[in-house]
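Structure first, then comments.
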C-alpha cells in the first residue's frame with residue numbers, strides 16, 4: 001500500500017511539472033513586471049521555449065526572437081531565459097520572491113545609419129555599425145536601477161554622398177543609476193587618438209568632453225568634419241565639448 005502511495009505521488013508530481021513546462025507563455029507574461037518601455041508582439045510557445053516576432057525596448061526593435069528556459073537558476077529561486085534574436089543575444093532572470101528582473105550578457109548590433117534617425121539633429125551622416133554590450137541591467141519594480149556595459153562603434157566614419165570614410169573602432173564604457181549616468185570614451189587602436197568623458201543627470205542635463213588627435217595621413221574629409229564639430233587645440237589636435245539638455249522623451253527612457 002505504501003509503495004502504491006509513493007508511486008501515485010511521484011506520478012502526480014511529474015504530471016504537475018509537465019503541465020507547468022507546457023503552459024503557454026501568454027498565461028505567464030501578465031505575472032511578470034516588465035518595464036513600461038518594453039513591448040512584445042507575436043509571442044508564441046510554452047514556458048520552456050518559443051518565439052516572438054518582435055520585442056521593442058525604448059522604441060528600438062529586437063526581431064526574430066527565440067527564447068529558451070535555463071534550469072540552472074532554480075536553486076536561486078529565479079526564472080532564467082537565454083534569448084537569441086536577429087541582432088544578438090542576452091540572458092534574462094526574474095526573481096520569484098520580489099518580482100525584480102535582471103538582464104545580463106547582452107549583445108545588440110545596429111547599423112549607425114538606422115540609429116541616427118532617433119537623434120534630432122546631426123551635422124553628418126554616420127557610417128559603420130554599433131555594438132551594444134550590457135554586462136548587467138537591474139530592474140526594480142520594472143524600472144532601471146543600475147546598468148553597466150560598453151558601446152562599440154565599429155568602422156566609425158561618415159557617408160559623403162555614397163563615399164564612406166572609415167576611421168576605425170571606438171568604445172564608450174558606461175555605468176548608471178537613477179542619480180546619474182557616467183561615460184568614458186576611448187579609441188580601439190584606431191586612426192584617431194580619442195579620450196574623453198561624459199555624464200547625464202536625471203533632469204536631462206548632459207556634458208561631453210572629448211580630446212581628439214590625428215596624424216598627417218588622415219583623410220582631409222575627416223579633418224574637415226573635425227573642424228566642423230570640434231574646436232582646434234593645436235596642430236592636428238581637437239576638443240569636442242558639449243553641454244545641453246536631452247529631449248524629454250529620451251530623459252524619461254533613461255531615468256523613468
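Rule-based calculations on the coordinates, nothing more; no lab input. Remember, it's a predicted structure, so these values are computed and weren't measured experimentally. Heads up, the Cβs are rebuilt from the backbone with ideal geometry, glycines too, and the neighbour counts pull from every protein chain shown.
In the stretch 100-256, how does Rg compare with the Kirkwood Rh, expressed as the Rg/Rh ratio over alpha carbon atoms? Mind dumping the intermediate values first?
Values: Rg = 16.5 Å, Rh = 16.8 Å.
Checking Rg against Rh, the ratio lands at 0.98.
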### Mean Cβ count within 10 Å, highest first, over the residues of peptides 221-232, 77-88
77-88, 221-232
